[in-house]
Amino acid sequence: MNSNSRKVRINKAILYLVLSLGSVLMLLPFFWMISTALKPDNAIFTVPIQWFPQTLYLNNFIRAMEVVPIMRYMFNTFLIAALKIFGEVFVSALVAYGFARFNFKYKNILFMVLLATMMLPYEVTMIPTFIIWSRLGFADSYVPLILPAYFGSASFIFFLRMYFQTYPKELEESALIDGASYLQIFIRIFVPLSKAALMTIGMWSFMGTWNDLLGQLIYINSPEKYTIQLGLASFSNMTGETLWGPLMAASFIALIPVILILLFAQRYFTEGVKMSGIKG
Amino acid sequence: MPKQKVGFYFILPWLVGLIAFTIVPMLIALYISMTNWSIIGSAEFVGLANFKRIFEEGMFYETLWITVRYALLAVPMTIATAFIVAIFLNNNLRFIGIYRTIFYMPAIVSGVAVAIVFKWVLDPNYGVINSLLANFGIDGPNWLYDPNWVLPSYLIMAVWGASGGLLTYLVGLKDIPRSLYESADLDGANFLQKVRHVTMPMMTPIIFYNMIMGIIGAFRKFTDAYVLGGAGNQGKFYMVYLYEEAFAFYNMGYATALAWVLFVIILTLTIIINISKKYWVHT
Amino acid sequence: MKLKGLALCLLTLMVITACGTTNSGNNENEFIFATWAAGEELQEFEEIINQVNENADGEYTVKALSIPSDYYIKLATQISSNNAPDFFWMTQELISRYANLGAITDLTEKLEQSEQLTPDLFYDGVLASATYEDRYYGVPWIANPLMIYYNKDLFDQEGIDHPSPTDPWTWDEFIEVAKELTVIKQDGNGNDYQQFGTVVDGWPNIETFMWAGGGDIIAEDGEDILIDSAESLEGLSILNEILTSGITPSYAQVSSLGSNNVWFEKQRAAMFMGGIQDNFEEKMTRWEEEEQFEIGYTPMPVGQDGEAYAFNWTASTVMSIDQAENPLAYQALEDITLEFFKWKVASPLEGQVERVVEIDPHKEEALETIEQSLLIARSANYIPEWDVINNRLWVDLYTGMLNAPESFDYEAMAKEIADFARNEINKR
């Protein structure tokens with residue numbers, strides 16, 4: 001027993017070591033971001049690269065706020081993300097449930113169509129889509145960015161369908177005997193069981209909004225409606241000249257809420273003791 | 001049992017959205033691919049001329065070949081990396097939440113930021129990798145500037161960013177019943193045997209998902225390839241070619257035709273994988 | 001039910017956001033001006049627009065539309081959906097294409113009949129950059145020709161005479177001086193580093209070198225391709241000599257300092273071919289004292305044909321075709337342009353060099369060279385097919401030369417691209 005617990009401890013130590021080394025690699029770009037944000041202009045590009053700033057130069061943060069109303073843009077992005085996320089997650093789950101747990105005519109063909117919609121590059125449908133929205137009178141509005149989310153997202157549906165398919169048939173059969181409707185089964189059984197999966201696509205939905213530059217650029221005209229990515233783009237000019245210090249400072253500020261959300265969401269990925277045993 | 005119809009009602013929202021937001025632009029795109037539309041001017045119908053031109057252009061074959069090679073290597077590499085990392089992260093150690101967050105962070109920064117940082121990491125003179133190699137007396141390659149090293153450079157980036165699929169594996173691992181591992185323990189299985197015979201089969205649906213999404217992603221690889229450039233045409237991916245035709249040269253008709261050819265390629269691959277599914281995906 | 005309540009709340013929110021969008025009514029006297037200015041530049045731009053609106057006193061109003069990224073994609077999208085901005089900025093090489101596609105207004109008559117802003121006010125070369133088939137399609141608002149910035153301290157250390165601020169070197173002389181400046185130096189920590197004579201990394205552009213040999217890409221008639229002419233090849237051999245003689249850091253090396261201008265700023269390269277508006281002088285005021293140095297100026301070298309040319313980066317304001325019949329629109333365009341000339345930028349107006357110093361006092365020392373550079377400034381002869389041809393010149397020719405200067409057969413590639421270009425022209 002003693003040697004066994006020692007073995008466990010060594011295993012743990014190795015695990016921590018590997019994870020820590022990996023973390024360093026993962027954090028490298030973020031480290032560079034923060035380090036650049038804290039450097040004056042002429043200390044950013046040096047030979048050889050200066051990993052640690054020599055002094056703490058906070059001016060970049062002040063300048064970043066002067067150049068671009070970051071807080072306002074973050075609020076706008078949050079607004080879009082919040083309006084989108086519910087529809088995108090809930091409707092995608094609903095549709096995925098339909099594809100995963102039922103058999104109906106043309107199901108496989110329709111599912112292939114669903115997959116196919118992801119395969120045509122957005123770049124070529126972007127302009128036709130824009131023209132349609134602007135004919136409908138939605139120029140300079142968030143609606144074209146939000147409304148489609150309420151009809152589900154193909155990649156989310158695909159993921160959840162695969163996930164729902166792994167549950168055993170008995171799951172709904174017993175509920176049906178108790179007189180539950182399919183919608184009730186979906187909301188009372190499948191949604192709670194799939195919290196981690198739903199959390200995952202919730203994260204994706206949020207990240208999709210947070211990192212979308214082209215869509216927001218095309219649809220939004222008024223500066224007061226700008227989003228964080230449009231704000232970050234404002235630090236580079238047409239000739240490719242970039243205000244690196246303020247840009248990295250602003251990027252850092254924009255990253256904080258995302259990391260907080262991640263830290264909050266990751267606990268749903270911990271092994272669920274309660275639910276194990278149901279699947280398989 | 002009216003089970004069939006019920007399923008149809010569940011997918012109805014998507015179907016409505018498909019007709020309202022997706023099919024129409026796609027049909028328009030199909031028409032555009034048969035015109036010489038230049039975005040700002042009027043469009044003239046040219047029939048299949050754009051498609052004919054595609055197969056006559058050397059650039060089509062070059063960029064497609066680069067993209068195919070990248071996809072063939074990057075998809076398995078990223079799947080393996082994310083899978084292994086997920087196994088490491090699937091435990092209840094202290095601080096594991098922080099590690100999970102850190103390992104997922106590459107997925108939350110946009111492609112441009114990653115590209116800029118990798119320009120530094122892969123810098124031939126002062127980059128992290130070549131500095132490390134220099135410590136061992138190895139003269140590192142020119143990476144993004146050397147036609148022979150462009151592909152490995154992008155693969156390094158892909159593996160670094162593999163954590164995009166991390167959450168899906170974590171979700172899957174979390175749901176593998178403990179009892180399966182316990183019975184494997186009773187059979188005296190070691191760690192690797194458990195991964196091989198318990199974890200892997202249970203994860204095949206998720207691997208299948210990541211494979212399809214990986215192929216779509218690899219063939220549509222754009223942002224970092226566009227930002228980095230470097231070795232001229234040797235680093236030009238299919239989407240970069242398409243993008244330049246569309247937005248730098250205003251050949252939207254031709255670019256849209258390119259998009260449809262890409263569509264057919266990805267669709268064919270997906271159908272093949274989908275057929276193969278029954279041989280290896282555990283349900 | 002909770003879910004329903006939440007859904008209802010969201011729906012209401014969406015309706016509110018939807019209603020909040022005012023459909024910008026296209027009144028006769030309301031104009032949208034699209035600009036790539038963003039951040040600090042946008043704040044300045046908006047001040048100008050406000051000034052113009054104030055002066056117009058209600059006759060018309062102009063609103064800025066800032067496009068901080070992917071400028072031409074958004075622009076093309078707006079145009080294709082009949083939402084074209086009334087005015088927008090456009091760099092020189094695209095004007096002929098947009099004119100050819102009928103998206104922008106021919107301004108020739110309006111400019112010629114104008115009282116305040118007539119064609120003869122501009123430098124010829126600058127106005128030429130806004131023409132297509134001898135008609136004016138844009139009003140230039142910025143002209144930024146190249147000149148050579150040099151580090152006086154580094155010249156003194158090698159005992160090299162300072163060049164004249166107005167008399168150019170020949171390219172051979174330039175290369176000789178650069179060779180003398182390419183030496184091993186020691187930094188503060190006693191480590192050796194290579195100091196280079198200059199930086200060439202795709203900048204200056206390929207035209208600069210073709211002109212240096214007396215050649216060009218496209219003849220003035222907009223039809224003859226000159227890429228493979230003896231003169232152009234001669235020019236490419238000058239570029240090749242620069243790339244092979246070790247006077248510039250290698251292509252793969254340049255980006256290790258972020259971008260080419262940093263090599264000059266960090267005193268790792270003694271000479272830099274930059275636009276007259278590059279703000280080294282102003283930047284330097286914010287550096288530590290030991291990092292500062294004295295900057296000198298000389299015009300771009302004279303070519304093999306005895307002519308000196310400074311590539312001129314220009315941009316114009318163009319007017320949407322939708323406003324072609326609206327005299328008020330042209331009035332607004334003219335008013336805005338006149339305000340632009342008071343901006344921080346070097347105006348493209350002939351004989352007004354002094355304004356550069358008024359706008360940026362740091363440029364006092366450079367004035368003579370700037371004046372000379374504006375006189376020899378020129379753009380390429382742009383045609384609608386420019387992007388396709390130029391893209392091949394960059395990707396296949398210039399990048400090839402940069403990546404393998406010793407072995408790349410640039411003459412063969414120049415011939416190949418010339419044939420390609422002729423083929424493109426024949427498609428017309």
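Test each condition in (1) within 23 Å of the chain's Cα centre (by Cα); (2) closer than 24 Å to C:W203 by Cα; (3) surrounded by fewer than 22 Cβ atoms within 10 Å (Cβ to Cβ); (4) among the aliphatic types (A, V, I, L, M) for C:L146 and report the one that comes out false.
In the conditions (1) within 23 Å of the chain's Cα centre (by Cα); (2) closer than 24 Å to C:W203 by Cα; (3) surrounded by fewer than 22 Cβ atoms within 10 Å (Cβ to Cβ); (4) among the aliphatic types (A, V, I, L, M), C:L146 misses (3) alone.
Is there a residue in segment C:249-268 that is open to solvent by 50 Å² or more (accessible area, probe 1.4 Å) and either in a helix (DSSP H, G or I) or within 30 Å of C:G214 (Cβ to Cβ) (or both)?
Going through segment C:249-268, the residues open to solvent by 50 Å² or more (accessible area, probe 1.4 Å) turn out to be C:250, C:266.
Still in the running and either in a helix (DSSP H, G or I) or within 30 Å of C:G214 (Cβ to Cβ) (or both): C:250.
There is at least one residue in segment C:249-268 that is open to solvent by 50 Å² or more (accessible area, probe 1.4 Å) and either in a helix (DSSP H, G or I) or within 30 Å of C:G214 (Cβ to Cβ) (or both).
Tell me, which residue of segment B:199-213 that is among the β-branched types (V, I, T) and open to solvent by less than 20 Å² (accessible area, probe 1.4 Å) is farthest from the chain's Cα centre (by Cα)?
In the first step, residues of segment B:199-213 are kept if they are among the β-branched types (V, I, T); the result is B:199, B:204, B:206-207, B:212.
Of the ones still in play, those that are also open to solvent by less than 20 Å² (accessible area, probe 1.4 Å) are B:199, B:204, B:206, B:212.
Details: B:T199: 23, B:T204: 18, B:I206: 15, B:I212: 8 Å.
Ranking the qualifying residues of segment B:199-213, first place goes to B:T199.
Assuming B:A255 fulfils every condition listed in (1) touching an Asp or Glu at 6+ places or on another chain (Cβ under 7 Å); (2) surrounded by fewer than 20 Cβ atoms within 10 Å (Cβ to Cβ) apart from one, which condition is it?
Checking B:A255 against (1) touching an Asp or Glu at 6+ places or on another chain (Cβ under 7 Å); (2) surrounded by fewer than 20 Cβ atoms within 10 Å (Cβ to Cβ), the one that fails is (2).
Checking the condition touching a residue at least 40 places away in the same chain (Cβ under 8 Å), within 14 Å of chain B (Cβ to nearest Cβ) and assigned to a helix (DSSP H, G or I), which residue from A:F30, A:F61 passes?
A:F30
Quick one: C:R355 ticks every box in (1) at pLDDT below 90; (2) crowded, with 20+ Cβ neighbours inside 10 Å bar one, so which box is it?
Exception for C:R355: condition (2).
Could you say which residue among A:L114, A:L94, A:L145, A:L79 is touching a residue at least 40 places away in the same chain (Cβ under 8 Å), surrounded by fewer than 18 Cβ atoms within 10 Å (Cβ to Cβ) and out of contact with any Lys or Arg (no Cβ under 7 Å at 6 or more places or on another chain)? I'd like the intermediate steps shown before the answer.
Numbers: A:L114 fails: surrounded by fewer than 18 Cβ atoms within 10 Å (Cβ to Cβ); A:L94 fails: surrounded by fewer than 18 Cβ atoms within 10 Å (Cβ to Cβ); A:L145 fails: surrounded by fewer than 18 Cβ atoms within 10 Å (Cβ to Cβ).
Every option except A:L79 fails the conditions.
Just wondering, is there one or more residues in segment B:229-245 that are crowded, with 20+ Cβ neighbours inside 10 Å and more than 23 Å from B:L151 (Cβ to Cβ)?
Taking every residue of segment B:229-245 in turn, none turns out to be crowded, with 20+ Cβ neighbours inside 10 Å and more than 23 Å from B:L151 (Cβ to Cβ).
For segment C:360-428, please list each of the helices (runs of 4 or more DSSP H) lying entirely inside it that holds at least 3 residues being small (G, A, S) and either buried (at least 18 other Cβ atoms within 10 Å of the Cβ) or more than 14 Å from chain B (Cβ to nearest Cβ) (or both). Talk me through it step by step, then tell me what you get.
Details: elements: C:367-375, C:386-392, C:399-403, C:410-426.
Of the helices (runs of 4 or more DSSP H) lying wholly inside segment C:360-428, those with at least 3 residues that are small (G, A, S) and either buried (at least 18 other Cβ atoms within 10 Å of the Cβ) or more than 14 Å from chain B (Cβ to nearest Cβ) (or both) span C:410-426.
Could you say which residue among B:I266, B:I271 is at pLDDT 90 or above, facing another protein chain (nearest Cβ under 10 Å) and open to solvent by 20 Å² or more (accessible area, probe 1.4 Å)? So that I can check it myself, show each step before the final result.
On the way: B:I266 fails: open to solvent by 20 Å² or more (accessible area, probe 1.4 Å).
Every option except B:I271 fails the conditions.
Can you name the residue in segment A:222-238 that is facing chain C (nearest Cβ under 7 Å) and assigned to a helix (DSSP H, G or I) and is also most open to solvent (accessible area, probe 1.4 Å) among such residues? Lay out the reasoning, then the answer.
In the first step, residues of segment A:222-238 are kept if they are facing chain C (nearest Cβ under 7 Å); the result is A:223, A:230, A:233-235, A:237-238.
In the following step, the residues that additionally are assigned to a helix (DSSP H, G or I) were identified as A:223, A:230, A:233.
Values: A:P223: 41, A:L230: 2, A:A233: 18 Å².
Among residues in segment A:222-238 that are facing chain C (nearest Cβ under 7 Å) and assigned to a helix (DSSP H, G or I), the one most open to solvent (accessible area, probe 1.4 Å) is A:P223.
List the residue pairs whose Cβ atoms are under 6 Å apart, where the first residue sits in segment A:11-24 and is surrounded by 12 or more Cβ atoms within 10 Å (Cβ to Cβ), the second is not basic (K, R), and the two are 6 or more positions apart or on different chains.
From residues that are surrounded by 12 or more Cβ atoms within 10 Å (Cβ to Cβ), the pairs are A:L19/B:Y99; A:S23/B:I102.
Taking segment B:79-96 as the search range and keeping residues that are more than 16 Å from the chain's Cα centre (by Cα), surrounded by fewer than 18 Cβ atoms within 10 Å (Cβ to Cβ) and of a type outside the set (F, W, Y), which one is nearest to A:I253 (Cα to Cα)?
So the first thing to find is which residues in segment B:79-96 are more than 16 Å from the chain's Cα centre (by Cα), and the list is B:84-96.
Still in the running and surrounded by fewer than 18 Cβ atoms within 10 Å (Cβ to Cβ): B:84, B:87-88, B:91-95.
Remaining after also requiring of a type outside the set (F, W, Y): B:84, B:87, B:91-94.
On the way: B:I84: 32, B:I87: 32, B:N91: 31, B:N92: 31, B:L93: 30, B:R94: 28 Å.
Only one residue fits best here, namely B:R94.
Residues C:G125, C:G102: which one is touching a residue at least 24 places away in the same chain (Cβ under 8 Å), more than 16 Å from C:A315 (Cα to Cα) and not in a strand (DSSP E or B)? Break it down stepwise before answering.
Details: C:G125 fails: more than 16 Å from C:A315 (Cα to Cα).
Answer to the check: C:G102.
Name, by its number, the condition in (1) within 25 Å of the chain's Cα centre (by Cα); (2) within 11 Å of chain A (Cβ to nearest Cβ) that does not hold for C:E288.
(1)
All but one of (1) at the interface with chain B (Cβ under 7 Å from one of its Cβ atoms); (2) free of Cβ contacts under 8 Å to residues at least 60 places away in the same chain; (3) buried (at least 20 other Cβ atoms within 10 Å of the Cβ) hold for A:F151; state the number of the condition that does not hold.
The number of the failed condition is (2).
Picking from C:E241, C:E294, which residue would you name as being touching a strand residue (DSSP E or B) at 6+ places or on another chain (Cβ under 8 Å) and over 30 Å from C:R97 (Cα atoms)?
Numbers: C:E241 fails: touching a strand residue (DSSP E or B) at 6+ places or on another chain (Cβ under 8 Å).
The match here is C:E294.
For residues that are farther than 16 Å from B:V261 by Cβ and surrounded by fewer than 21 Cβ atoms within 10 Å (Cβ to Cβ), tally how many sit in segment B:48-74. Walk me through it before giving the result.
Residues of segment B:48-74 that are farther than 16 Å from B:V261 by Cβ, as a first pass: B:69-70, B:72-74.
Retained after the next criterion (residues that are surrounded by fewer than 21 Cβ atoms within 10 Å (Cβ to Cβ)): B:69, B:72-73.
Going through segment B:48-74 one residue at a time, the tally reaches 3.
Hey, does segment A:180-202 have a residue that's assigned to a loop (DSSP other than H, G, I, E, B), in contact (Cβ under 8 Å) with a residue 60 or more places away in the chain and over 18 Å from B:I108 (Cα atoms)?
yes
Can you tell me which residues in segment C:15-64 are at pLDDT below 90, open to solvent by 60 Å² or more (accessible area, probe 1.4 Å) and hydroxyl-bearing (S, T, Y)?
Within segment C:15-64, C:T22, C:S24 meet the criteria.
Please tell me if A:S23 is within 27 Å of B:V117 (Cα to Cα) and part of a helix (DSSP H, G or I). Before you say what the answer is, go through the steps one by one.
Working: within 27 Å of B:V117 (Cα to Cα): yes; part of a helix (DSSP H, G or I): yes.
So A:S23 fits the description; yes.
Among the residues in segment B:21-31, are any farther than 30 Å from C:A99 by Cα, open to solvent by 30 Å² or more (accessible area, probe 1.4 Å), more than 27 Å from the chain's Cα centre (by Cα) and within 8 Å of another protein chain (Cβ to nearest Cβ)?
Of all residues in segment B:21-31, those farther than 30 Å from C:A99 by Cα come to B:21-24.
Next, from what is left, pick out any that are open to solvent by 30 Å² or more (accessible area, probe 1.4 Å): B:21-24.
With more than 27 Å from the chain's Cα centre (by Cα) added as a condition, the list becomes none.
Scanning segment B:21-31 turns up no residue that is farther than 30 Å from C:A99 by Cα, open to solvent by 30 Å² or more (accessible area, probe 1.4 Å), more than 27 Å from the chain's Cα centre (by Cα) and within 8 Å of another protein chain (Cβ to nearest Cβ).
Suppose we keep only residues that are under 22 Å from the mean Cα position of the chain (by Cα) and among the aliphatic types (A, V, I, L, M) within segment B:247-257. Which one would you say is farthest from the other protein chains (Cβ to nearest Cβ)? Talk me through it step by step, then tell me what you get.
Within segment B:247-257, the first condition is being under 22 Å from the mean Cα position of the chain (by Cα), and the residues that meet it are B:255-257.
Adding the requirement that they be among the aliphatic types (A, V, I, L, M) leaves B:255, B:257.
Values: B:A255: 6, B:A257: 9 Å.
This residue is B:A257.
The values are calculated or read from the model by the stated rules, or taken from the named source; none is laboratory data. What you see is a predicted model; the values in this text were computed from it and never measured. Heads up, the Cβs are rebuilt from the backbone with ideal geometry, glycines too, and the neighbour counts pull from every protein chain shown. Remember, those area values only see protein heavy atoms, side chains included, never the ligands or the DNA or RNA. Shrake-Rupley method; radii C 1.70, N 1.55, O 1.52, S 1.80 Å.
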